[in-house]
Structures are given as structure tokens and as C-alpha cells.
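Let me begin by presenting the structure, written as C-alpha cells, before commenting on it.
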């Protein structure tokens, strides 16, 4: 009886570890943001439309908003763009874009051709503001509540399903479309 | 050990240490040797979040160079190593540290190897004892060895 006990236990342990690994494998590369439940970092960046105009975190305070970090060099951003357009059409919440380490003209051309889902696009040319948000790969999308607290971060292309489940659900009820 | 073998071993070991410090992707020097040393140490213990198994000192990707710039600027601004580590963890989480701190959430990372080692020793000892007992019982049965059984 004990002959099988120890190999059996080791088998169960290994099976358990592998099970957790397999179940979580879709999220393997997406780490939970260290900013969850913490105030969103302050920023002060020029806008893409007009470099003389600036967009600051203070201007966004007092209502929920969504931050989408993107770049024209980013393939997944192209993939999610249609979804962002549909989301923007709902007008449920302001969407702020961080154009991350990108070329301004390429970014303008991108928005002209594919449509502009953003209420405002901030230019984060040297990547400093995105680092403060703990961004490690575009696209990343953050939900920031009316108190300026980061409530959710999605890494990778946005989908309507994730948008409904993780973003719309965090909006105050009366604001829902 | 033959002389040739020990030479090979010495070469292998020195190559190991060479690879630890080579950072061909980084060209900018710090103003003082002291700061350079701290910069080298810090950038080697911070993970490149995009490539994950490289430190930010070893990675050529854009984000790693941005983080190196951040470390450089914080060092020049007079921040301590601990303050810089804390700032990195605040943005990217413990995962950015190659040496995670010992906390309730990370304890298993530190304990598991030792548990596995103990388990391995336990299993090995058991198997060796069992084999020894088998050899003993074989030896006590002349018939078995005469048939050319398991004992050698």
C-alpha cells in the first residue's frame, strides 16, 4: 500500500501544478498591473492634434476614463482598432490614447485612415508617462475611476467581450449606454 | 582530474563570469565609477518585461533602454538603490525583480526548491535502502544467485 502512496502523492502534486499551469496559460504573459487600486500616475503631455495644447491627468479627474496605449508600429493595435471604434461609438466613457514612442505624422495618418476612437491623443514620445503606468507592451488599456484610481488593466488587443465584462461593468450604472 | 580537463573547466567557469557582465547593448557611461557600479548592479537585477528572461542591462528592446534611462536618471538624482527598486516595483510589480522579496505571496518561490530537494533526498534514500535490502535477501538465497539473478 505505501509502495504506491508516495509515487501517487507525487503524481497528484505534479498533476496539480501542471493543471494550474495549463488553466492559466492564456494569461501567462499578461501580468496583473501593480497599479490596481492605486492612484493613476500624474502626467502632462502634448496632444497629437496640436503640440502646443497639453493634456494633463488633472483635466481628467472627477469622472471615469479609459487609457489606451498604442502606436502605429504595434500590430495588435491595428487588430483592436475596429473594436475601439465600436467602443467609441457607444460614447460610454472618454477614451484617452497614449501614442507611445511613435512618429506623429504616422499616427495622424493612421487615425485619418482608420478613424479616431480617442477623445484626445497624448503624445508620449520618449515613453516616460507610459513607464509610470507600468506599460510593457502595446496595446494596453486601463480603466481609471472617478477618484483617479486604476481599477483594471488589459494587456493585448481589446475585444468587445472584455470591454463589456471588465470595463463597462466598472462604470457607474447611470452612465451605461 | 587530468590537466586538460581542469583547463577546460577553468575556461568554462571564466566564460560563465564573462557572460554575466557583458552588456553590449548599453553604451552610455555613468559620470563616476561608483555610480557606474550601482547602475550595472541595478540594471542586471531588473527584468526586461518585454523579453522576460533577460535583464534590462542585456536587452536591446526599446522599453529596456527606457528603463535603463530611468535608472540612470534616478541614480544621478541621488536616489538610493532601494528607492529605485521600490519605484520599479510600484510600476511593474515584484515580477520586475529577478530576486523577489520574501513575502507571503512569494514565499513558495523561495521554499519550493528546498522542499523538492528534501523530497528528492528522501526518495533517493528510500530507493537505496530498498535496493540494499534486495541485495541482502538475494545473497541469503543461494538458489537465486546460482540462476544468475539480480545480484552481480
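None of the figures in this text is laboratory data; all of them are computed from the coordinates on show. Quick caveat, the model's predicted, so the values are computed rather than measured. Virtual Cβ from ideal backbone geometry, glycine too; neighbours counted across all protein chains shown.
Take the Cβ-Cβ distance between residue B:135 and residue A:75 as r, set R0 to 56 Å, and report the resulting FRET efficiency rounded to the nearest 0.05. The pair residue B:135/residue A:75 has a calculated efficiency of 0.30. The calculated 222 nm mean residue ellipticity attributable to helices in chain A amounts to -10500 deg cm²/dmol, summing -39500 (n - 2.57) over DSSP H runs of n ≥ 4 and dividing by all residues.
Spin-label model, residue A:165 to residue A:5: label points 7 Å out along the Cα-to-beta-carbon direction sit 4.3 nm apart. The stretch between residue A:19 and residue A:58 holds 9.5 nm of extra length on full extension. This uses 0.36 nm per residue minus the Cα-Cα distance. Classify the stretch A:32-175: rounded, prolate or oblate, from the alpha-carbon gyration tensor (a ≥ b ≥ c, eigenvalue square roots; a/c under 1.5 rounded; otherwise prolate if a/b is larger than b/c)? Rounded is the answer for the stretch A:32-175, as its axis ratio a/c remains below 1.5. Annotation for residue A:82 and residue B:114: the two label points, set 7 Å from Cα along the Cα-Cβ direction, are 5.5 nm apart.
Inter-label distance, residue A:147 to residue B:125: 5.4 nm, where each label sits 7 Å from its Cα along the C-beta direction. Counting neighbouring beta carbons within 10 Å and listing from fewest to most, the residues A:170, A:165 come out as A:165, A:170. Take the Cβ atoms of residue A:109 and residue B:76, set R0 to 35 Å, and the FRET efficiency comes out at 0.40. Our summary gives the stretch A:1-112 a relative contact order of 21 percent, counting only alpha carbon pairs under 8 angstrom and 6 or more residues apart. Figure legend: label point modelled 7 angstrom from the Cα of residue B:51 along Cα→Cβ; residues of the stretch B:87-110 with amide N under 16 Å from it are B:98.
Note on B:70, A:104: ascending count of other Cβ atoms within 10 Å places them as A:104, B:70, the fewest first.
Counting only DSSP beta bridges with both residues in the stretch A:91-160, the antiparallel share comes to about 50 percent.
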